[in-house]
Amino acid sequence: MGLDLDAIRADFPILSRTMEGGRPLVYLDNAATTQKPKQVINAMNSFYENSNSNVHRAVHTLAGEATEGYESARTEIASYFGAPRDHLIFTSGTTEAINLVAYGWARANLSKGDVILTTEMEHHADIVPWQILSKERGVEIRYIPLERDTLTLDMDAFEIGVQDASLVCVVHTSNVLGVRNNVEQIIDISKKTGNHGKGAFVMIDAAQAAPHEKINFIELGCDFMALSSHKMGGPTGIGGLFVKPEIMETMDPFISGGDMIETVTLEGSTFQKGPQKFEAGTPRIAEAFGWHAAIKWLSQLDMQLVHEHVSNLARITSEKMSSIPGIKIYGRHDLDTCSGVVSFLHESIHAEDLAHLLDSGGFAVRTGHHCAQPLMEALGVSSTARISFWLYNTQEEADAFIDYLSSIVQRFG
Amino acid sequence: MGLDLDAIRADFPILSRTMEGGRPLVYLDNAATTQKPKQVINAMNSFYENSNSNVHRAVHTLAGEATEGYESARTEIASYFGAPRDHLIFTSGTTEAINLVAYGWARANLSKGDVILTTEMEHHADIVPWQILSKERGVEIRYIPLERDTLTLDMDAFEIGVQDASLVCVVHTSNVLGVRNNVEQIIDISKKTGNHGKGAFVMIDAAQAAPHEKINFIELGCDFMALSSHKMGGPTGIGGLFVKPEIMETMDPFISGGDMIETVTLEGSTFQKGPQKFEAGTPRIAEAFGWHAAIKWLSQLDMQLVHEHVSNLARITSEKMSSIPGIKIYGRHDLDTCSGVVSFLHESIHAEDLAHLLDSGGFAVRTGHHCAQPLMEALGVSSTARISFWLYNTQEEADAFIDYLSSIVQRFG
Amino acid sequence: MSDWPLPLQEIIDEFKECFDRMERLELLFEYAKKLPHELETKDWTDENRVRGCQSEAHVECTIDENGGFQLHGAADANIVQGLIAILAIGVDGLPPSSVANIKPDFVDEMDVKASLTPSRANGFMNMFEMIRQTAEQMSN
Amino acid sequence: MSDWPLPLQEIIDEFKECFDRMERLELLFEYAKKLPHELETKDWTDENRVRGCQSEAHVECTIDENGGFQLHGAADANIVQGLIAILAIGVDGLPPSSVANIKPDFVDEMDVKASLTPSRANGFMNMFEMIRQTAEQMSN
Ligand SMILES: Cc1ncc(COP(=O)(O)O)c(C=O)c1O
Ligand SMILES: Cc1ncc(COP(=O)(O)O)c(C=O)c1O
């Protein structure tokens, strides 16, 4: 039994939107952000219309409902990722989650001369915080290069580089290439041979993986895992950092203020234990309700089927695209592990023009450096056009895309 | 002409909720978070159902609508506060906004021996970030004391203290006392005599003021102003920091990643100019639509009337409460400038019990230290019960509250 | 529905007869006064403090001369102290192994939930778990 | 509705006759080829770069021998270059003071908006403002 795409699509109000000229919307920008099922929208509405209140430290009914909802969101989201609730810190997204590792953990635990190993295929969110840290504290950053022919990480370089590394930061699945890194092996090697045999800490950027792969944080065995709600059917404004509790204890507070303290006096403060220490101020309450609803919604589906659906669409589409004259694909889609992302360029039509032209047909496609300029550099381009599928995309949509792209290439190529 | 309370209340779906026993909800916890008008809820729904997309750097229609909406939210919200759009950085709330001043500005501009002057009546959000900075960098923090009899800031102490101060951080309106500080005078004196005549920088925490007072950032003349959407009818998960552009230029990036960079290479990065430099990663897009809708909604009202309504309710109610045996008020409500907040205790009924009992009557009341432990210390208590009015609260609700409180005191006092 | 120890069941039934929540809260206040083994303020320590309660609450578990469980406690808020009292009465003298098997949902049964929901997320559940675990250790 | 300089009005009318957006985009591509004063790639500098455009775009303004305004420009994407071309044709040789008074909504009039909305938030509007301001300075 495959996915029931009709039933799935019926849950997403936006998919019935028609674009200019009555064309249906074909949303192929899912790696940037996914659409939201009505269950997610309704969960937030229902919060605002029935239970809206600030959480923690209040005993009235609404505060109770809000607190229960907020904390059970933590429990259920953590559990979806195979972890107890005290492993999950809510952040505003992957970017803030990685910054929390940089500010809260790395500044407390790394110093001049320590090495952070990351890769050439990272999103800027997993590069810039380390560069800033490096400038501030003299921590050294090294990048595992991409093998130019296979578009996968150079694992020989990794095995050598990891020996010096105290922290390894790797993207689980690339937002440009569609390639999934062998994070299990990377974590394994990092733990065994990192920092001269003492083991390296590992941070996994799971922003692009979580939407189509069921990840178990505990089994995976990394120390930190960052992700965003809005890329997996949930609302904007919330995401999370999974952290092993024993490591959480070695972290300094990052954003500080109310709710994360135990006591404050004019002389100084003591802090909460666990995730709350890192959640200062009024949290993203409605957003937690929404992300929880997205997780519940995803839990109804077999994520293996979702993964196959998404990666099959990408594989078939990329194959067909390759035969359109002048189109070049940047990425790999021949592996079972690949995601729904296909990056491409046309030899003479500028990517931005392509996107405008595709938009006139109702196709939402992204162009740019995809926040991965070093990867663009490695690919020898300054930007690409990118389509990215999610669970509600259909083979018909993919076919329509191919047809429209072909006609554009004929007319403008 | 006063406020049309019936029309106002009709806009808030939650206000028609009935509580246990069929009692109407009387929501008196507005200083913690306000309820949302349906226009705000609808704006977010409409975003998710019609235009949801990631913003910036994409040319498809949805991305265009999302970007226009997000950026016009910035324009309109800034304009509501009397400022051009390039003065407003979106954050997740007041807490993150103050942290942005601490990380982005203070760490770049203050050093050991510099003095930050703040007050004893601050919210933890305006204390803890400075304490952490102080520990890390040796910056000194001093607190302007509260005059115990008038419950206002000791302005003599301020005039002396400010001379050494490089940065002055003051809450505009207290979330516990209902007192509005004379921020105009504080800014004026800080600019004239701060840091030995060179002028001090001033950060105003406007979280509690914005909901019932029209603030003009430019006229006010402070350097930074922090606020939260969720306290003024908007959604959770978003707030802002107003910054003078010339000062923004002296700030280091704080949270870093995509969208805030100009170029990233393996060797280093250059950053965007203006607010975008501080908005890394996927922003709070739906939240910006929601906050914008709240601002539009508020703009229909005469904020002077809102202020009078809210402060009158607090004044009248606090007077009536004072005559209930055993009730003691902590705060001032006799000034025109006071807010809708009334803190109180009963001599024998514990604040938490009071709140439980009031909840059984449908009254949502907060208890605790209200994230202001140093102020509690100054008041000589460990917590208070607190009611806080907003524009939809009525005199009838206030009267019903007085009746119910009286009956509780009779039964349990 | 769970099987409660008889004294606890009796209290639950008493709560069920209440007319509304205000009456149930009143009953809780009365139980607060009936707290059997009150922990005096001077014995309130950081170790016996219940974390996550808004108000201060302290509990300690001991075994009486007959090997029965005994719950000592106190709180500055009456409603919390009332809950401690009910639990203390309900389990007084029971074998620790029975105490270890009690579920926290007797509070739902008592229908004082609405006001306690937020506490359940932290305070009350923390207290209950702390007591249950001690009883479990005692019964091993 | 605004009054446009005649050459610009003619172009707007031409766009209005298009059947759908694809056709309008095609027309933009054609105008890209008709760009009157192309700025050669070697003259693309940081100073004449249009900020906020996704693709690279450069513009420069000069005064011709008759005191008329002249817009030089180029872009790597055709649609952007097409817009520059239309503007360049539309204002070519006009007194700078007239150029300073043109409103950017001729793009709305041309009805290529949908694809340009996002750019308007930054790229196109930045370009337009840059040109308008230069024209203003020239006319002072
Ligand atoms: C005066 C004051 N400052 C700061 C804050 C913190 O705001 P937020 O929790 O929205 O970050 C609050 C709200 O609790 C407040 O009342
Ligand atoms: C691989 C990867 N990492 C990090 C991010 C940043 O996520 P966010 O923008 O939600 O913080 C993204 C999304 O753009 C991504 O694709």
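The values are calculated or read from the model by the stated rules, or taken from the named source; none is laboratory data. Nothing here was measured: the structure is a model prediction, and the numbers come from that model. Cβ: placed from backbone, ideal geometry, glycine included. Neighbour counts: every protein chain shown.
The number of residues in the stretch B:112-129 that are more than 9 Å from every other protein chain (Cβ to nearest Cβ) and within 22 Å of the chain's Cα centre (by Cα) comes to 6. Restricting B:G258, B:G233 to residues that are among the small types (G, A, S), touching a residue at least 40 places away in the same chain (Cβ under 8 Å) and either touching a Leu at 6+ places or on another chain (Cβ under 7 Å) or surrounded by 17 or more Cβ atoms within 10 Å (Cβ to Cβ) (or both) narrows the list to B:G233. Just one of the listed residues (B:S166, B:S190) is under 18 Å from B:I141 (Cβ atoms) and not in a helix (DSSP H, G or I), namely B:S166.
Note on the stretch A:84-126: residues that are touching a Pro at 6+ places or on another chain (Cβ under 7 Å), of a type in the set (A, V, I, L, M, F, W, C) and within 12 Å of ligand 2 (Cβ to nearest atom) total 1.
Matching residues to (1) assigned to a strand (DSSP E or B); (2) polar (S, T, N, Q); (3) under 15 Å from the mean Cα position of the chain (by Cα); (4) within 22 Å of B:L354 (Cα to Cα):
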site: C:P7; (1), (2), (3), (4): no, no, yes, no
site: C:L27; (1), (2), (3), (4): no, no, yes, yes
site: C:D46; (1), (2), (3), (4): no, no, no, no
site: C:H58; (1), (2), (3), (4): yes, no, yes, yes
site: C:G73; (1), (2), (3), (4): yes, no, yes, yes
site: C:I89; (1), (2), (3), (4): no, no, yes, no
site: C:L94; (1), (2), (3), (4): no, no, yes, no
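Note on the stretch A:117-176: residues that are of a type outside the set (V, I, T), in contact with a Ser or Thr (Cβ under 8 Å, 6 or more places away or on another chain) and without any contact (Cβ under 8 Å) to a residue 40 or more places away in the chain total 10. Please tell me if B:G237 is within 12 Å of ligand 1 (Cβ to nearest atom) and either on the phi > 0 side of the Ramachandran plot or modelled with pLDDT under 95 (or both). Taking the combined requirement at face value, the residue satisfies it. Among the residues of the stretch A:41-83, those that are more than 14 Å from chain C (Cβ to nearest Cβ) and either part of a loop (DSSP other than H, G, I, E, B) or within 16 Å of ligand 2 (Cβ to nearest atom) (or both) comprise A:N52, A:I77, A:F81, A:G82, A:A83.
Conditions (1) surrounded by fewer than 24 Cβ atoms within 10 Å (Cβ to Cβ); (2) hydrophobic (A, V, I, L, M, F, W, C); (3) under 13 Å from the mean Cα position of the chain (by Cα); (4) within 22 Å of B:R284 (Cβ to Cβ), marked per residue:
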{"site": "A:G199", "(1), (2), (3), (4)": "yes, no, no, no"}
{"site": "A:F224", "(1), (2), (3), (4)": "no, yes, no, no"}
{"site": "A:G240", "(1), (2), (3), (4)": "no, no, yes, yes"}
{"site": "A:K244", "(1), (2), (3), (4)": "yes, no, no, no"}
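Screening B:A351, B:A314, B:A385 for residues that are more than 16 Å from B:M121 (Cβ to Cβ), among the hydrophobic types (A, V, I, L, M, F, W, C) and in contact with a Gly (Cβ under 6 Å, 6 or more places away or on another chain) leaves exactly one candidate, B:A314. Take A:S360 and tell me if it is crowded, with 20+ Cβ neighbours inside 10 Å and among the small types (G, A, S). Considered against the rule, which asks whether it is crowded, with 20+ Cβ neighbours inside 10 Å and among the small types (G, A, S), A:S360 comes out as yes. Restricted to the stretch A:39-74, and to residues that are modelled with pLDDT under 95 and surrounded by fewer than 21 Cβ atoms within 10 Å (Cβ to Cβ), which residue is nearest to ligand 1 (Cβ to nearest atom)? Checking each candidate, the answer is A:E71. From the residues in the stretch A:235-261 that are assigned to a strand (DSSP E or B) and more than 10 Å from chain B (Cβ to nearest Cβ), which one is farthest from ligand 2 (Cβ to nearest atom)? That would be A:V243. Exactly one residue out of A:H212, A:H230 is within 14 Å of another protein chain (Cβ to nearest Cβ) and closer than 21 Å to A:Q35 by Cβ: that is A:H230. Within the stretch A:386-413, the set of residues being at pLDDT below 95 and either more than 11 Å from every other protein chain (Cβ to nearest Cβ) or crowded, with 23+ Cβ neighbours inside 10 Å (or both) comprises A:G413 only.
In the stretch B:192-201 there is no residue matching the filter, namely being within 16 Å of ligand 1 (Cβ to nearest atom) and either touching a strand residue (DSSP E or B) at 6+ places or on another chain (Cβ under 9 Å) or within 28 Å of B:R107 (Cβ to Cβ) (or both). When you check C:A32 against the structure, is it surrounded by 12 or more Cβ atoms within 10 Å (Cβ to Cβ) and at pLDDT 90 or above, yes or no? In short, yes. Is it the case that the stretch B:8-21 has a residue that's modelled with pLDDT of 95 or more, in contact with an Asp or Glu (Cβ under 7 Å, 6 or more places away or on another chain) and either acidic (D, E) or closer than 30 Å to A:G233 by Cα (or both)? Yes; the residues of the stretch B:8-21 include at least one that is modelled with pLDDT of 95 or more, in contact with an Asp or Glu (Cβ under 7 Å, 6 or more places away or on another chain) and either acidic (D, E) or closer than 30 Å to A:G233 by Cα (or both).
Would it be correct to say that B:S111 is over 23 Å from B:G234 (Cα atoms), surrounded by fewer than 22 Cβ atoms within 10 Å (Cβ to Cβ) and modelled with pLDDT of 95 or more? Taking the combined requirement at face value, the residue satisfies it.
When the stretch A:206-234 is filtered for residues that are in contact with a strand residue (DSSP E or B) (Cβ under 6 Å, 6 or more places away or on another chain) and part of a loop (DSSP other than H, G, I, E, B), the ones remaining, listed by number, are A:A206, A:A207, A:Q208, A:A209, A:A210, A:C222, A:D223.
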